[in-house]
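Asks: Could you have a look at this structure, given as structure tokens, before my questions?
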Amino acid sequence: MSKVLVLYYSSYGHIETLAGAMAEGARSTGATVDIKRVPETVPEEIAKGAHFKLDQQAPVATVNDLANYDAIIVGTPTRFGRISSQMAAFLDQAGGLWMSGALNGKVGGAFTSTASQHGGQETTLFSVITNLLHFGMTIVGLPYSHQGQMTLDEIVGGAPYGATTIAGGQGQRQPTEIELAGARHQGELIAKTANKLFG
């Protein structure tokens, strides 16, 4: 079976929660799954003052870790409609992997959160996907086989480009069961694809 990395950055825990669901879906296929986070770049005193969730259990990844996986699923909150600076700083260090082609042919996917329904979820997903395509990766999104993203019964995240959640302006909204189901479904699809290619 394949090896899958769920790589994320989360200030307040919303992306951390989605990462767990993504890993759950990937593990359901028999894949080996690790969850790792990128380093925090905000000084600790400022992060504490902003009430960042600093007690996250996932170990901190190194750029060289990426080469050890068959699939990499990247999660980041939206920052003004694009990837967070923490995730961008991490991926910007992967020039050596790009140059050597170490990630060519691996499977990738993206997930995100925004404060509002119209806060840039799709542009953030594409900013992650753009990075992964430059690395030579094959992208798996969140197709409409996850029909929960089409509901009109409640506010819900999700896009064909990846799983998402809506956090609220103060971070008061946690991922819903529909959003978590979307993350599990995407994780399962990514791992199934990697299992076919590398399993």
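What follows draws every value from the coordinates through simple rules; no lab data is involved. Keep in mind the model is a prediction, meaning the values are calculated, not measured. Cβ placement follows ideal geometry from the backbone for every residue including glycine, while neighbour counts extend to all protein chains displayed.
Asks: Any residue in region 133-153 that is part of a loop (DSSP other than H, G, I, E, B), loosely packed, with under 15 Cβ neighbours inside 10 Å and aliphatic (A, V, I, L, M)?
Replies: Start the filter on region 133-153 by keeping residues that are part of a loop (DSSP other than H, G, I, E, B), which leaves 135-137, 140-146, 151-153.
Now drop any that are not loosely packed, with under 15 Cβ neighbours inside 10 Å, which leaves 143-145, 151-153.
Filter again for aliphatic (A, V, I, L, M), leaving 152.
Scanning region 133-153, I find at least one residue that is part of a loop (DSSP other than H, G, I, E, B), loosely packed, with under 15 Cβ neighbours inside 10 Å and aliphatic (A, V, I, L, M), so the answer is yes.
Asks: Test each condition in (1) over 16 Å from the mean Cα position of the chain (by Cα); (2) assigned to a loop (DSSP other than H, G, I, E, B); (3) under 27 Å from THR123 (Cβ atoms) for ALA47 and report the one that comes out false.
Replies: (2)
Asks: Mind counting the residues in region 102-117 that are farther than 19 Å from LEU180 by Cα and either without any contact (Cβ under 8 Å) to a residue 24 or more places away in the chain or surrounded by fewer than 18 Cβ atoms within 10 Å (Cβ to Cβ) (or both)? Steps first, answer last, please.
Replies: From region 102-117, those farther than 19 Å from LEU180 by Cα are 102-107; that's our starting set.
Going one step further and asking which of them are either without any contact (Cβ under 8 Å) to a residue 24 or more places away in the chain or surrounded by fewer than 18 Cβ atoms within 10 Å (Cβ to Cβ) (or both), we end up with 102, 104-105.
Residues flagged as farther than 19 Å from LEU180 by Cα and either without any contact (Cβ under 8 Å) to a residue 24 or more places away in the chain or surrounded by fewer than 18 Cβ atoms within 10 Å (Cβ to Cβ) (or both) within region 102-117 amount to 3.
Asks: Moving to a separate point now. Identify, please: which residue in region 67-100 is surrounded by fewer than 21 Cβ atoms within 10 Å (Cβ to Cβ) and hydrophobic (A, V, I, L, M, F, W, C) and is, among those, farthest from THR165 (Cα to Cα)?
Replies: Among them, the one singled out is MET99.
Asks: Count, please, the residues in region 1-44 that happen to be without any contact (Cβ under 8 Å) to a residue 12 or more places away in the chain and either within 15 Å of the chain's Cα centre (by Cα) or assigned to a helix (DSSP H, G or I) (or both).
Replies: Going through region 1-44 one residue at a time, the tally reaches 1.
Asks: Among the residues of region 58-101, what is the count of those that are without any contact (Cβ under 8 Å) to a residue 40 or more places away in the chain, in a loop (DSSP other than H, G, I, E, B) and of a type in the set (Gly, Ala, Ser)?
Replies: So the answer is 1.
Asks: Going residue by residue through region 4-22, is there one that turns out to be over 27 Å from ILE178 (Cβ atoms) and out of contact with any Phe, Trp or Tyr (no Cβ under 6 Å at 6 or more places or on another chain)?
Replies: The initial filter retains those residues of region 4-22 that are over 27 Å from ILE178 (Cβ atoms), namely none.
No, because not a single residue in region 4-22 is over 27 Å from ILE178 (Cβ atoms) and out of contact with any Phe, Trp or Tyr (no Cβ under 6 Å at 6 or more places or on another chain).
Asks: Which of the numbered conditions does SER127 fail, given that it passes all the others? Conditions: (1) buried (at least 21 other Cβ atoms within 10 Å of the Cβ); (2) of a type in the set (Gly, Ala, Ser); (3) in contact with a Gly (Cβ under 7 Å, 6 or more places away or on another chain).
Replies: It fails just one condition, (3).
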